[in-house]
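One structure is given here, and the rest of the page talks about it.
Since every read-out is calculated from the coordinates, none of them should be taken as a lab result. These figures come from a predicted structure and were not determined experimentally. Note that each Cβ is placed from the backbone with ideal geometry, even for glycine, and that neighbours are counted across all protein chains shown.
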Amino acid sequence: MNFKHLHYFWMVARSGGIARASERLHLTPQTVSAQIKLLEDSLGTALFRPAGRGLELTETGRLTLSYADEIFALGDELKSALASRGHAPLRPFRVGITDVVPKAIAYRLLEPAASLDEPVRLVCREGKLDRLLAELALHRLDLVIADRPIPPNINVRGYSHKLGESEIAIFASPALAEGCHDFPRCLDNAPFFLPGDDATVRGHLERWLETMRVAPRVVAEFDDSALMKAFGQAGGGYFPAPTVLAPEMEAQYGVRLVGRIGSVREAFYAITAERRISHPAARAVTEGAGLSLSAA
């Protein structure tokens, strides 16, 4: 097997598409596609299949990705071990983060793990909850951060620890915010972004809109909360986000908070494979969560 081809496949799978992976690899999409085709030919099976305008992993692709994750994680450990010769290697803390969890929330929740007396080496993986739970069950992850506890339809043994929650607010670019004088009526027939189907908060938002008898024009849906904020920054539509992040979002994205939704709150959970948490970094995350989300 050509590990360069495997690395290109891994980058595409983890980046969400060939175009984004090509940018990160500084290669043309045609080159990346050709390299993945060579890998598929060598394995004798397809790793991706068309899905709308993009691609999704086949069953074989998901299996290959799980091995690629492990291979490149070991490569990172090797580089770290060689770089720290003469010093004891840092204990890894492998965390899975569902892609619907805002990056700034994930940072807040993980920050206590970076302040331990005995430092750890943080390894973050992002993806869908079912895949991350499978990796947790195989002890490839120490902790999963999600917006829901373990769903009852997923047959994975684990324990959900509620970390906290935040009220949801609606944000917009300054130009859009200027026109919102009567919240939430100003959202009626206005361009609006929704989180993807995997986000627990989506259903709560849709029910709130129905209750308020407000019907915005849903012009886009995003699985990745960071991508939704980027589109919101460009003025494409109003969008929801946790109120606790308002100061950071206004500073980083230049957007404005146009209204709070007190009845809609987004919760965050740490999921572990063990009831009694033994990893010191995982304990720091669960014990420090109240302070991390105290402004919520």
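Run lengths n ≥ 4 of DSSP H only: what is the helix-derived mean residue ellipticity at 222 nm for the chain, with -39500 (n - 2.57) per run over all residues, to the nearest 500?
-13000 deg cm²/dmol
Any cysteines in the chain with zero other Cys Cβ atoms under 4.7 Å from their Cβ? List them, or say none.
For the chain, the answer is CYS124, because their Cβ atoms have no other cysteine Cβ under 4.7 Å.
Collect residues whose amide H, placed 1.01 Å from N in the peptide plane, falls under 5 Å from the amide H of LEU122; neighbours closer than 5 in sequence don't count.
PHE93
About its Cα centre, what dipole magnitude does the chain give when the only charges are +1 on Lys and Arg Cβ and -1 on Asp and Glu Cβ, stated in debye to the nearest 20?
Charge dipole of the chain: 320 debye, to the nearest 20.
Hey, if you put +1 on the Cβ of every Lys and Arg and -1 on every Asp and Glu Cβ in the chain, which of PRO119, PRO216, ILE145 ends up farthest toward the positive end of that dipole?
PRO119
Ranked highest first by average number of other Cβ atoms within 10 Å, how do 69-79, 182-192 line up?
The most tightly packed comes first, giving 182-192, 69-79.
In the stretch 3-62, if the dipole is taken from +1 on Lys/Arg beta carbons and -1 on Asp/Glu beta carbons about the Cα centre, which of LEU25, LEU39, HIS5 is farthest to the positive end?
After comparing all options, I get LEU25.
With +1 on each Lys and Arg Cβ and -1 on each Asp and Glu Cβ, how big is the dipole of the stretch 72-157 about its Cα centre, in debye rounded to the nearest 20? Write down the numbers at each step before the final one.
On the way: 13 positive and 11 negative charges, 29 e Å.
Roughly 140 debye, rounded to the nearest 20.
For a protection proxy built on the mean count of beta-carbon atoms within 10 angstrom, sort 113-121, 137-145 highest first, please.
Highest to lowest by the protection proxy: 137-145, 113-121.
What does the charge dipole of the stretch 165-265 about its Cα centre add up to, to the nearest 20 debye, if the Cβ of each Lys and Arg holds +1 and the Cβ of each Asp and Glu holds -1?
Roughly 280 debye for the stretch 165-265.
Any idea which of PHE171, ASN155, LEU187 is furthest toward the positive side of the dipole for the stretch 129-193, if Lys and Arg beta-carbons carry +1 and Asp and Glu beta-carbons -1?
ASN155
Using the Kirkwood radius over C-alpha pairs as Rh, can you work out the diffusion coefficient of the chain via Stokes-Einstein at 37 °C, viscosity 0.692 mPa s, in µm² per second?
Taking Rh from Cα pairs, D becomes 157 µm²/s.
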